[in-house]
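Single-structure report; data block below.
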Amino acid sequence: MSGPGAVAVVAVAAPDTRGKPTAIDLPGRLEAYSQAQLYARVGGYLKNWKADIGTPVKAGQLIAEIDAPDLDQQLMQAEADVTSAEANRTLSRATLERGQSLIQSGSVSKQDLDQRAADFANKQGLLKSAQANRNRLRVLETYKRIVAPFDGLVTARNTDVGALINAGGGGPALFVVSDTRKLRAYVNVPQSSVPSIKINTKAQISVPEYPGRVFPATVEASAQAVDPTSGTTRMLLIVDNATGEVLAYVGSPDYFAAAHGGANDGVRALRQPGSTLKPFVYAAAIAGLRMTAATLLPDVDLTLETAEGPYRPKNYDGRTHGPVRLREALASSLNVPDTISSAVILPPSSLLSPRART
């Protein structure tokens with residue numbers, strides 16, 4: 001409008017993205033949709049393995065076998081105990097039935113018959129106990145076969161033929177099987193962006209091994225809580241990886257935890273050979289120090305004085321095991337006996353005098 005006294009008309013509009021979608025770029029961590037670390041339930045020695053890293057496996061497929069002679073002998077003894085208990089139960093039942101047939105004639109007293117009945121009940125209980133022990137050992141026998149729990153890939157193998165196997169773990173898993181047909185991507189979303197990201201929201205993921213390419217993903221779950229430290233909400237995205245192109249990353253247990261190294265890139269990080277050198281150390285000890293596979297080595301708290309300061313080697317499980325035989329130290333990949341052997345073999349200029357702490 002124009003003219004004296006006219007009221008100006010101004011058009012207003014709420015700010016928006018003019019129909020264009022907004023996007024935020026965030027770091028995340030890719031994991032296999034399912035992952036199983038396989039440990040041994042029985043002790044013994046690894047007899048053989050059938051699948052190495054990268055090998056596709058089906059659920060129930062044999063991955064490795066354990067030779068457990070101690071368990072085999074226990075099962076044989078349990079079978080003999082069952083046979084003995086069955087014979088005792090049969091004899092006791094015959095004695096009871098004979099007494100029951102004679103009780104009417106008075107040839108057997110009521111007290112004697114009661115004792116025979118109690119003895120039969122006792123023999124029946126001993127037989128059930130022996131059978132339960134035998135069945136338990138039979139179940140353990142099945143664990144001599146390490147099988148894949150689901151369809152997937154073997155992504156780690158930390159043992160070899162002849163290695164000492166300890167029941168229940170106490171070290172790295174013997175094998176790791178991962179289902180990588182789908183991947184989980186964990187992303188920490190800033191609090192201000194959380195309301196705009198709904199379940200089933202589509203996303204795109206880029207990975208270092210394929211620069212310039214993106215892979216579709218879908219938001220599947222949200223923690224529904226804000227981390228007071230970072231001010232973010234963790235969300236779970238699912239990536240369809242049927243082609244196997246995207247690799248589940250190996251790195252920090254928590255990508256966002258600065259206290260544990262944060263975004264530690266376990267794929268491209270520089271590495272040292274670690275346990276690869278242990279067989280050579282013990283071979284040198286056998287050749288130069290006349291050690292044998294049965295030689296006892298100390299596995300104790302140890303301090304080595306080095307140019308960089310005191311060095312205290314630790315085993316993977318964080319414990320010491322006292323005197324251990326060389327074969328066991330190598331099979332279990334113990335660090336302390338290996339360090340002691342190295343200190344003895346290497347010249348004094350390489351390591352200063354080691355001293356065991358008491």
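Where a number appears in this text, it was derived from the coordinates with a stated rule and is not lab data. All values derive from a computational prediction rather than experimental measurement. Cβ placement follows ideal geometry from the backbone for every residue including glycine, while neighbour counts extend to all protein chains displayed.
Residues Glu141, Glu31, arranged from fewest to most other Cβ atoms within 10 angstrom of their Cβ, appear as Glu141, Glu31. A Förster distance of 45 Å, applied to the separation of the beta-carbon atoms of Asn135 and Ser34, puts the FRET efficiency at 0.90.
Less than 13 Å from a label point 7 Å out along the Cα-to-Cβ axis of Asn122: which backbone N atoms in the stretch 60-91 qualify, by residue? Answer for this model: 89. The Tyr45 and Ala284 beta-carbon pair, evaluated with R₀ = 41 Å, returns a calculated FRET efficiency of approximately 0.95. Computed extension gain for Val344 through Glu209, at 0.36 nm per residue and net of the alpha carbon distance, reaches 44.2 nm.
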